[in-house]
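To keep things clear, I will list the structure first and then write my remarks on it.
Any read-out appearing in this document is the output of simple, stated calculations on the displayed coordinates, not a laboratory observation. Predicted, not measured: the structure shown is a model, and the values here were computed from it. Please note: Cβ atoms are built from the backbone with ideal geometry, for glycine as well, and neighbour counts cover all protein chains shown.
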Amino acid sequence: MIDKNTVVEAVTLPMQRYFHTMTRDIADWQPLEDAAERLLQGNDVPDEQLCADFRPLVKMMRLIMRLSGDGAWDWSNPEIRKVFQEVADGAIYTLFADTVVDMVISIMKEVPIGTLVEVGTGPGTVTAALCNDMIRCNLQDVPLIISDRAPTIAHVGQSLRQQFPGLAVTDIIWDIQNPCSSPIMKTLRRPVLVFERFCMPYADYAAIDSVARIADILILIDDLSITGKKYSFDMIYEKIGTKFLVFDTARKHLEQYFSCVHTCDGDTIKAVHSPVTTFTLAVK
Ligand SMILES: C[S@@+](CC[C@H](N)C(=O)[O-])C[C@H]1O[C@@H](n2cnc3c(N)ncnc32)[C@H](O)[C@@H]1O
């Protein structure tokens, strides 16, 4: 039986660090939304008019506007992978990555996690940072399963195993719209901590159910709307099949499996008047 208070308390310091950086550096999201609106109307937004932190995000939106008309958005496409890597290496995604790693490590220090599972691993930017910290914090005995629906997950797994030979990293293909059929799921040691960043909107609410079935603790890093209002940013991402997810609906799915659903970034939401929550934690 996991002590829910221990898990919630474990993420307090990581979220304080997140609050500090967000309110100091990137508190005003309006210029990004303004840029999205202009792109949506068919106008470009030159990089010089944008702060450096927003440039990779706007580059990605430009790419979506250019390529999504073809009807095929494939995360394995080299151009898409390159631009997403720039986004993942940018200051904003780095803050999100640092925060999710901080949360996972803090929980692992307090709860004897049996298996770690990441869904929608993508290029493995979050994963590599996590692997570094697992070694630094002497948590290398916990097996890590990474997964994605894209077959490129095999290369990411291979690269992580080379970089971190002391860790047990396994890669599987898993489209989280369906329950996982990999035999590896039978080997999971409990409690299982599942985490993901920016994958759920590509999969929809049903994916919450697939993931929740195997998780004892779940960390979701996705923008879930609190207001229910769609912005230009959301409309651009809808062009590549991203679902506009609303927190209340996501919470109803989570509550079918978890007795505790916690919005971790409440203080930041208030401070920056954000219409979305980004960090959700659920515990069985
Ligand atoms: C925006 S990328 C995020 C990658 C990584 N989590 C990160 O934050 O750097 C979205 C990832 O989700 C994966 N994805 C999308 N739909 C999925 C699904 N139904 N099941 C599993 N993975 C999915 C994509 O292949 C892609 O790698």
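Rounded to the nearest angstrom and listed largest first, the equivalent-ellipsoid semi-axes of the chain from its Cα gyration tensor are 29, 22, 19. When each of the peptides 76-84, 105-113 is scored by the mean number of other C-beta atoms lying within 10 Å of its residues, the order from highest to lowest reads 105-113, 76-84.
Checked against a 20 Å cut-off, the cross-linked pairs Lys239/Lys270; Lys4/Lys109; Lys59/Lys82; Lys59/Lys239; Lys82/Lys229 give Cα-Cα distances beyond that limit for Lys239/Lys270; Lys82/Lys229. Applying the Karplus relation 6.51 cos²θ - 1.76 cosθ + 1.60 with θ = phi - 60° to region 169-185 yields 3J(HN,Hα) values of 10, 10, 10, 9, 8, 9, 8, 6, 6, 10, x, 6, 9, 5, x, 4, 5 Hz, where x marks Gly and Pro. In plain terms, if you count all Cα to Cα distances in region 172-260 and split them into 5 Å steps from zero, the share in each step is 3, 13, 23, 26, 16, 11, 6, 3, 1 percent.
Stokes-Einstein at 20 °C, 1.002 mPa s, Kirkwood radius from Cα pairs: D for region 117-233 in µm² s⁻¹?
Details: Rh = 14.9 Å.
It comes out at roughly 143 µm²/s.
Counting only the Cα atoms, region 11-61 fills a convex hull of 87 Å³ per residue.
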